[in-house]
Amino acid sequence: MAEVARIDLRSDTVTRPDPGMRRAMADASVGDDQFGEDETTNRLQEHVAALLGKEAALFFPTGTMANQAALRVLTRPGDEVIVGREAHSVWHETGGSAANAGVQFREVGEGGLFDEVAFSDAVKPRGHMIFPPTTLVEIENTHNRGGGVVFPQADVARICEAARSRDVATYLDGARLWNASAATGRTPGELAEPFDLVMVALSKGLGAPAGSLLAGSAPHIRSAVRHRRMLGGAMRQTGHYAAAGLHALTHNMARLADDHANARVLAERLGQSERVLLDPGTVQTNIVVFALRPDAPDADQVVARCREQGVLLVAFGRRKVRATTHLQVTREQCEGAGDILVDVIGT
Ligand SMILES: *Cc1c(COP(=O)(O)O)cnc(C)c1O
């Protein structure tokens with residue numbers, strides 16, 4: 001069968017290290033991180049803590065594990081956690097939050113976003129004879145299933161202030177915080193400032209092969225060290241990964257705006273099909289989530305037919321599809337993918 005050129009828009013995690021990143025990984029100075037002797041990991045942790053304006057940071061193999069550890073640090077089993085609708089922790093972690101932290105979620109708002117009123121209406125008091133206490137509010141910025149939308153910082157500030165006044169802890173799932181920063185011009189530190197604990201990923205738009213970090217106060221990070229080990233995530237010569245992360249933070253941050261522009265190019269092409277339901281206002285970063293009108297094929301069919309033509313996407317629901325741009329797709333490829341999608345879906 002003839003080889004079809006592949007345009008992989010399944011996720012911003014599909015990228016492979018470029019030669020510069022591979023060299024940085026190979027040359028990294030490493031040691032046993034469990035003895036605190038991995039210089040490169042220490043350097044990455046200090047760098048990210050400073051970037052986010054927090055006292056300390058801790059390397060994790062995955063963002064999912066960092067999310068789980070954060071829940072364990074900030075909650076007790078049986079507690080309730082307020083999150084935006086379709087949060088990653090609710091939908092994409094195979095029920096880990098229930099299994100590992102024993103929390104239950106209360107989804108509020110719309111499209112991944114919510115405001116202080118929605119938060120305050122949903123908070124359950126501590127010490128009630130019947131209710132599960134709300135002890136944490138979690139914000140996802142940018143919001144994956146919401147189509148990569150940026151959480152408005154004014155709402156972040158009001159929610160976190162209301163949370164603090166009610167003794168509710170605050171957590172930022174910032175797997176794509178760098179994208180929110182690129183889209184708004186606010187620094188990662190500004191975006192992270194209102195939160196007790198913050199997670200950021202190296203393996204998404206920045207293009208590193210693995211790694212996420214949790215950042216917060218020294219006592220919170222000390223507690224996270226224990227939970228990381230409990231979850232099996234305490235590794236040894238992590239400096240090879242840390243070096244990839246440092247390289248990515250230096251070289252791949254400024255170009256995130258290109259991914260955002262490419263997502264808009266794709267969204268514009270999709271606008272040629274009336275069978276595609278897409279609010280262009282949600283295309284703020286590198287993710288395009290669109291729905292299919294009833295006269296269009298369903299998501300699985302669209303994904304399968306596009307694959308035959310070399311365009312890889314993911315079905316996000318029965319009639320919902322996600323495309324994600326990243327540092328290894330070009331503007332021309334996004335135009336081509338858009339044309340193939342419109343052809344497959346019909347106008
Ligand atoms: C990808 C992602 C995670 C988890 O990251 P993994 O490294 O894939 O485990 C958490 N939250 C959000 C919003 C994500 O997009």
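The values are calculated or read from the model by the stated rules, or taken from the named source; none is laboratory data. Keep in mind the model is a prediction, meaning the values are calculated, not measured. Note: ideal-geometry Cβ built from the backbone for every residue, glycine included; neighbour counts use all protein chains shown. Ligands, DNA and RNA are excluded from the accessible area calculation, which covers all protein heavy atoms including side chains. Shrake-Rupley method; radii C 1.70, N 1.55, O 1.52, S 1.80 Å.
Data table
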{"quantity": "Restricting the stretch 162-187 to residues that are in contact with a Gly (Cβ under 8 Å, 6 or more places away or on another chain) and more than 18 Å from PHE105 (Cα to Cα), the residue that is nearest to the ligand (Cβ to nearest atom)", "calculated": "ALA175"}
{"quantity": "Test: residue in the stretch 261-280 that is open to solvent by 10 Å² or more (accessible area, probe 1.4 Å), within 16 Å of the ligand (Cβ to nearest atom) and on the phi < 0 side of the Ramachandran plot", "calculated": "no"}
{"quantity": "Filter result for ARG145 (more than 16 Å from the chain's Cα centre (by Cα) and either within 13 Å of ARG85 (Cα to Cα) or at pLDDT 95 or above (or both))", "calculated": "no"}
{"quantity": "Cβ-Cβ under 6 Å pairs, at least 6 apart or on other chains, the stretch 52-63 side assigned by TED's automatic domain parsing to the domain that holds ALA218 and closer than 15 Å to TYR171 by Cα, far side outside any strand (DSSP E or B) and within 12 Å of the ligand (Cβ to nearest atom)", "calculated": "GLY63/ALA175"}
{"quantity": "Residue that is surrounded by the fewest Cβ atoms within 10 Å (Cβ to Cβ) [pool: residues in the stretch 155-171 that are without any contact (Cβ under 8 Å) to a residue 40 or more places away in the chain and among the hydroxyl-bearing types (Ser, Thr, Tyr)]", "calculated": "SER165"}
{"quantity": "Some residue of the stretch 215-234 being closer than 17 Å to GLY148 by Cβ, out of contact with any Phe, Trp or Tyr (no Cβ under 7 Å at 6 or more places or on another chain) and part of a helix (DSSP H, G or I)", "calculated": "no"}
{"quantity": "Tally, over the stretch 208-220, of residues that are buried (at least 23 other Cβ atoms within 10 Å of the Cβ) and more than 14 Å from GLY63 (Cα to Cα)", "calculated": "1"}
{"quantity": "Which listed residue, of GLU110, GLU80, is touching a residue at least 12 places away in the same chain (Cβ under 8 Å), more than 15 Å from THR170 (Cα to Cα) and more than 16 Å from the ligand (Cβ to nearest atom)", "calculated": "GLU110"}
{"quantity": "Subset of the stretch 188-209 [under 24 Å from SER11 (Cα atoms) and either not in a helix (DSSP H, G or I) or not assigned by TED's automatic domain parsing to the domain that holds ARG76 (or both)]", "calculated": "VAL198, MET199, VAL200, ALA201, LEU202, SER203, LYS204, GLY205, LEU206, GLY207, ALA208, PRO209"}
{"quantity": "Leading residue by the ranking (most open to solvent (accessible area, probe 1.4 Å)) among those in the stretch 83-132 that are among the β-branched types (Val, Ile, Thr) and either within 27 Å of ARG228 (Cβ to Cβ) or not assigned by TED's automatic domain parsing to the domain that holds ALA163 (or both)", "calculated": "THR94"}
{"quantity": "Odd one out for GLN309, checked against (1) over 21 Å from the mean Cα position of the chain (by Cα); (2) open to solvent by less than 30 Å² (accessible area, probe 1.4 Å)", "calculated": "(2)"}
{"quantity": "Enumerated strands (runs of 3 or more DSSP E) restricted to the stretch 60-163, each holding at least 2 residues that are more than 30 Å from VAL314 (Cβ to Cβ)", "calculated": "134-140"}
{"quantity": "Residue pairs meeting the criteria (Cβ under 6 Å; at least 6 apart or on separate chains; first closer than 18 Å to ARG176 by Cα, in the stretch 256-281; second outside any helix (DSSP H, G or I) and open to solvent by 50 Å² or more (accessible area, probe 1.4 Å))", "calculated": "none"}
{"quantity": "Within the stretch 28-59, considering residues that are among the aliphatic types (A, V, I, L, M) and in a loop (DSSP other than H, G, I, E, B), the one least open to solvent (accessible area, probe 1.4 Å)", "calculated": "LEU52"}
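Here is a yes/no grid of residues against (1) closer than 30 Å to LEU9 by Cβ; (2) under 24 Å from the mean Cα position of the chain (by Cα); (3) within 16 Å of the ligand (Cβ to nearest atom):
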{"position": "ASP121", "(1), (2), (3)": "no, no, no"}
{"position": "GLY127", "(1), (2), (3)": "no, no, no"}
{"position": "VAL137", "(1), (2), (3)": "no, yes, yes"}
{"position": "ASN141", "(1), (2), (3)": "yes, yes, yes"}
{"position": "ALA154", "(1), (2), (3)": "no, yes, no"}
{"position": "CYS160", "(1), (2), (3)": "no, yes, no"}
